[in-house]
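The values are calculated or read from the model by the stated rules, or taken from the named source; none is laboratory data. Nothing here was measured: the structure is a model prediction, and the numbers come from that model. So basically every Cβ, Gly included, is an ideal-geometry build from the backbone, and we count neighbours across all protein chains shown. Ligands, DNA and RNA are excluded from the accessible area calculation, which covers all protein heavy atoms including side chains. Shrake-Rupley method; radii C 1.70, N 1.55, O 1.52, S 1.80 Å.
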Amino acid sequence: MNAYLDVQNLTKTFGALQLFENISFSISEGQHVGLVAKNGTGKSTLLSILTGKESCDEGKITYRRDLKIGYLEQSPKFSPEESVLDACFNHHGDEEKILRAKQVLTSLQIRDLHQPMGQLSGGQQKRVALANVLLTEPDLLILDEPTNHLDLDMIEWLEDYLSRGNKTILMVTHDRYFLDKVCNIILELDNHTIYTYRGNYAYYLEKRQHRIDVARAEIQRANNLYRRELEWMRRMPQARGHKAQYREEAFYELERKAKQRIEERAMRLKSSNVYIGSKIFECQYVSKSYGDKVILRDFYYNFARFEKMGIVGKNGTGKSTFLKLLLGEEPLDSGRFDIGDTVKFGYYSQEGLKFDEQQKVIDVVRDIADYIDLGQGRHYSASQFLQHFLFTPEQQYNYVYKLSGGERRKLYLCTVLMRNPNFLVLDEPTNDLDVQTLQILEEYLADFPGCVIVVSHDRYFMDKVVDHLLVFNGNGEIKDFPGNYTQYREWNKLQSNQENATPKQEKRPKNDYRNASKRKMTYKEKTEFASLEKEIAQLEAEKKEIESALCGATLSIEEITSLSKRLPELNEELDTKSMRWLELSEIEE
């Protein structure tokens, strides 16, 4: 395969903090590579080194000659005076380029091409930067958190865009569905080194667990040997000088291995000390507008005890505004929120990331509480709570100004949870958090004995956490859907297919929908239905065969790449045919 990038023995430290040591990897033409790691371990720094924004301590980076690189930074910078179109590229009046720019920018909900960049929000600027990278059509795309500030429709558009053609990609993202659909190789940066998994995200999870199991077995074996050697060293100090020097040296190497830790959590953080009454809140015919823009129109909802609700919708439809109205941070035009007396909100907002830079991490949390009461005589100290969310004892005594963006968000999350609320209101809590922290948060929310409202564009997170959705469609239209995000998308796709399949002149009035399925199948539909059953069975067999092959260890790199590309195509084909089968199955034979 044609190598685009080769990295050999790369090392980077910041003072006493070592990010990685002697790491090596390569990226070839057509590969879609996802980079995953804990917050603060150097993902963004590695991308900055690869693009020449930062220097390394040691190592060699080799690009193919004349390779064109497109780099999306986590926080791009623009001149505030330049227009959106100029920020994308210097188009020199090329009508074809302007048309392409309009198409991409419209997909990312940027519509005024002449608006100065200084008038755009941070999220809008990130979307312009993403458009810029895509429009320059580089040989190698390097993307740092490309899904941040995108709504769910935009993320799905970007998935399709990156999956098409023979693009070569290296990206950092916490979006696990996005990783699974787009990437065919996962690089994991862990414990100062890098591990390569030649498959998608699901394949990575399985093989990572195998690696951890092997490492644990090795540590256990080293512990057993260490105990025996330690006993020998203590028992025979006078004979040490007469014994072979290599045995003493081997002892200290063994000691290092035995003390090595796999940082996986040993217990779930379950709190039984949270009480919330039967009355939560009643949203009584609430309305809110900003000029001509309607957010809510006579909206009624009665929130149930222990409910875990997700809020989804396009950017600008009022999701965050709804939370602020509920919490009294924005005034209502009419109506009211009737909130129960026992409700104690814990609010994670997009604007809440404010700390004293000179404070230590542990002191930020201790200023809130020294411990969190888990009930039944159990409690977690501030230090234990931080450690549960992957702040090591050493990191807890770091100053805030030394934290990465992801670590700051994780600390902010800890300050919200440490207050022991019984109703969590979380506005985009997943942005910049690493996958391990997301898994911990998902587990925490699954065990949380109170109420939860989440606004998030992370589909995997939403599917794991919520059991009910409010869908904001804009202009005050809100749909109440009893299910998670994937179920909603399947339902929505089915509705769209039904509308497209029915000629406009034959559409029945809304109040007659129950009679729509009473017609008989045509001969053509019966043939299609029988054919679909066979095709779905064949596709499912092929999918099972590919997944089995990817879990093995006998495939070449080319075969793995080919199968990893086929799998998302297969899933999409299965979804389409299954939806059509469902439509036909509702018609009488």
task = With a 1.4 Å probe and every protein chain left in place, tell me how much accessible area D298 has, in Å² to the nearest 10.
result = 100 Å²
task = Could you pull the accessible area for E547 with a 1.4 Å probe, rounded to 10 Å²?
result = 80 Å²
Charge dipole of the range 371-442 about the Cα centre (unit charges at C-beta), most positive-ward option of L426, G405, Y371 = Y371
query = How many nm is it between the label spots at E559 and K60, if each spot is 7 Å from the Cα in line with the beta carbon?
reply = 3.2 nm
ask   = Once both axes come from the Cα atoms, what is the angle between helix 557-585 and the longest principal axis of the chain, in degrees from 0 to 90, rounded to 10?
value = 30 degrees
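How much length is gained if the chain between Q209 and E443 is pulled fully straight, taking 0.36 nm per residue apart and subtracting their Cα-Cα distance, in nm to one decimal?
Numbers: separation 234, 0.36 × 234 = 84.24 nm, distance 1.77 nm.
Going from the current span to full extension adds 82.5 nm.
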inquiry  = Helix 201-235 against the longest principal axis of the chain: what's the angle in degrees, Cα atoms only, rounded to the nearest 10?
reply    = 20 degrees
note = The extension gain from S578 to S334, computed as 0.36 nm times the residue separation minus the Cα-Cα distance, is 83.3 nm
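For the chain, what is the relative contact order in percent, using Cα pairs closer than 8 Å and at least 6 residues apart in sequence?
Numbers: 934 pairs, mean separation 78.7, N = 589.
Relative CO of the chain lands at 13 percent.
So which trypsin sites (Lys or Arg not before Pro) in the range 136-189 end up in coil per DSSP with only 14 or fewer other C-beta atoms within 10 Å?
Working: sites: R164, K167, R176, K181; in loops: R164, K167.
Of the trypsin sites (Lys or Arg not before Pro), the ones in loops of the range 136-189 whose Cβ has at most 14 other Cβ atoms within 10 Å are R164.
In the range 351-402, which GluC sites (Glu not before Pro) are in a loop and have at most 15 other Cβ atoms within 10 Å, using DSSP for the loop call? Display every interim value, and only then the final one.
Values: sites: E351, E357, E394; in loops: E351, E357.
Within the range 351-402, the qualifying GluC sites (Glu not before Pro) (loop, at most 15 other Cβ atoms within 10 Å) are E351, E357.
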inquiry  = What's the magnitude of the charge dipole for the range 1-125 around its Cα centre, counting Lys and Arg as +1 and Asp and Glu as -1 at the beta-carbon? Answer in Debye, nearest 20.
reply    = 280 debye
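When only the heavy atoms of the protein chains count and the probe is 1.4 Å, how do C56, C88 rank by accessible area, highest first? Mind dumping the intermediate values first?
Numbers: C56 45, C88 0 Å².
Correct descending sequence by accessible area is C56, C88.
Roll a 1.4 angstrom probe over the protein heavy atoms and tell me the percent of accessible area of the chain that is carbon or sulfur.
Numbers: 13620 of 29560 Å².
Accessible surface attributable to carbon and sulfur in the chain totals 46 percent.
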ask   = Counting only the heavy atoms of the protein chains, how much of D153 is accessible to a 1.4 Å probe, in Å² to the nearest 10?
value = 60 Å²
query = Relative contact order for the range 415-470 using alpha-carbon pairs under 8 Å, separation at least 6, rounded to a whole percent?
reply = 44 percent
inquiry  = Quick check: the distance between the Cα centres of the range 137-151 and the range 156-185, to the nearest angstrom?
reply    = 9 Å
key: Degrees between helix 523-551 axis and first principal axis of the chain (Cα, 0 to 90, nearest 10)   = 10 degrees
task = Rank G474, M521, L10 by how far each Cα sits towards the positive end of the charge dipole of the chain (+1 on Lys, Arg Cβ; -1 on Asp, Glu Cβ) and give me just the farthest.
result = L10
request  = Using 0.36 nm per residue of separation minus the Cα-Cα distance, give me the extension gain between E535 and K402 in nm, one decimal.
outcome  = 42.3 nm
ask   = Could you give the accessible area per residue of the chain, probe 1.4 Å, as a whole number in Å²?
value = 50 Å²
task = Starting from the Cα gyration tensor of the range 311-380, take the square roots of the eigenvalues, sort them a ≥ b ≥ c, and report rounded, prolate or oblate (rounded when a/c is under 1.5, otherwise prolate if a/b is larger than b/c, else oblate).
result = oblate
ask   = Cβ under 12 Å from T430's Cβ, T430 left aside: what net charge do those residues give with Lys, Arg +1 and Asp, Glu -1?
value = -3
